[in-house]
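We did not get these values from a lab; they are worked out from the coordinates using the rules stated. What you see is a predicted model; the values in this text were computed from it and never measured. Glycine gets a Cβ as well: all are built from the backbone with ideal geometry, and neighbour counts include every protein chain shown.
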Amino acid sequence: MKISKVLAGAAVVALSATACAPGAGSDSAADSATGPVKTGVPDKNVTLELVSTPESGSAVKAIIEAFEAKHPNVTVKYQDTNYDDYNKSLNLALYSKTGPDIVLLNSVGTTVKDGLVRDLSPYAKAYGWEKTYPSTQLNQWRVDKDGSTLGQGGLYAAPAGFSLVGVYYNKAKAAKAGITKPPATLEEFDAALGKAKAAGELPLQLGNAQGHASFPIQLIGQSQDGAGQAAKWTFGQKGATFDTAGNRTAVDKLTEWNKKGYLPKGANGADLQTAVDKFTKGEGVYLVDGNWDAATIGKKLGKDAGFIAFPSTEATAIGTSVAYAVSSHSKNPDTAAAFLDFLHSPQAAAEFKAGFMPADLSVAKPEANTVMADVVAAWSKVNADNGLVGFNNNATATMNDKLTAATQELLAGRTDSAGFIKAIQGEWANTHG
């Protein structure tokens, strides 16, 4: 499984976009995707069609039931398709004037470029989504009118549940190694890894068969450079570069940790699931991974499982959202937008229980002193510091493959920091110039 499949439902950042085409037969006064809009649902009977993937389906089905209970005159028909087939068939479905009204959006690339989904900016303003979500969460779904720059411009999807990548740790093994508190800075994290090694423990569990060494590299880099600067590169904004002080520190640090034996031998031959399995069996004090594995880790390690945002003065994490868009051909865009607004309601947020964080944290009430409580606390800090950055693996359509190959070469000693950074920036420049 590639990272994109581990995060089925996460954004695959790509390529180009233009303004959306007008909706056909709208249930509002809107004449175009940027015209006046109405909030709420009409009094008449309305039927919407929604397509998604099974990974997000269980939560969405429950949300549909809650929405229909609140609005008995609205029927939302649900259909799902497996992840690979979904991405291949989505644009074809949206080209049809009888296609779905609401779609899970895994890519803003050609879907937006071809005018297949609406610019939701008027609805964002009408519903106050800018106040509901931190800017780093909405910006992942903005595309500028130049067609290649993300993070600014029109908004083409509304987020629901969120993923984040941080640091799991084994509390019992950390205490045994003399680590008395979670590290708060990169320097403290570095020292903690050293203590773990001195205590005879594997400091940092890692599986890199799918390129997950890119996670600690990105987290170190953005913790040093700042989330705002890091996001510019991920979004493909002109003038951005991977050759930053933070990323040089990150690649140097991972290389150093590998040479010191802080990483497992044979990491390139193990995938993420193998690393998680080993971590839950006591092999490793720390593990960089996403909240989608929190339930598994919490169940197997119990009270010994902990989670923190990556050690940094300002909390930062890698993450993205399950996000839904409205077809440009939808005859009921106002009702569809009302459903998107419902995605951050308490009723909807309560359904994002496994693998995703809800937009409304007031419904997230995990048991105290559990790893899920730690995840919620970390998510709250990241939100407060506006520190969420999209996955570097999604900076271009081919970046995941490049990062996988380059991190494997780095750990195998076949490239150095300068070569790694040059390769990654070169791959980015092929798309973004």
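Quick look at the values:
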item: Cα centre as origin, Lys/Arg/Asp/Glu Cβ charges: the chain dipole, Debye; result: 680
item: Residues of type lysines that residue 331 reaches as a straight line, Cα spacing below 27 Å, ignoring anything fewer than 8 places off in the same chain; result: 38, 44, 61, 70, 77, 88, 97, 113, 125, 145
item: Radius 15 Å from Cβ of residue 307, net charge of other residues (Lys, Arg +1; Asp, Glu -1); result: +2
item: 222 nm mean residue ellipticity, helices alone, for the chain (DSSP H n ≥ 4; -39,500 (n - 2.57); rounded to 500); result: -12000 deg cm²/dmol
item: Rounded Å value of the spacing that divides the Cα centres of the range 248-325 and the range 226-242; result: 23
item: Using a Förster distance of 30 Å, the FRET efficiency for residue 274-residue 61 (Cβ separation, nearest 0.05); result: 0.40
item: Cα-derived Rg to Rh of the range 363-433, Kirkwood definition; result: 1.19
item: Radius ratio Rg over Rh of the range 230-347, counting only Cα atoms, Kirkwood formula for Rh; result: 1.08
item: Per-residue Cβ neighbour rank within 10 angstrom, fewest leading, 217, 64; result: 64, 217
item: Where trypsin sites (Lys or Arg not before Pro) in DSSP loops with at most 16 other Cβ within 10 Å are excluded, longest remaining stretch of the chain; result: 282-413
item: Given charges at beta-carbon only (K, R positive; D, E negative), |dipole| of the range 222-261 in Debye; result: 40
item: Nearest 10 degrees, 0 to 90: helix 333-342 Cα axis against the chain principal axis; result: 40
item: The chain: antiparallel DSSP beta bridges as a percent of all, rounded to 5; result: 60
item: Average projection area in nm² (convex hull over Cα atoms of the range 327-413, one quarter of hull surface); result: 9.6
item: Rounded to whole Å, sorted largest first: equivalent-ellipsoid semi-axes of the chain, Cα gyration tensor; result: 38, 24, 17
item: Degrees separating the helix 83-95 axis from the principal Cα axis of the chain, which is the longest one; result: 30
item: Selected from 82, 111, 154, residue furthest toward positive end of dipole (the range 59-165; charges at beta carbon); result: 154
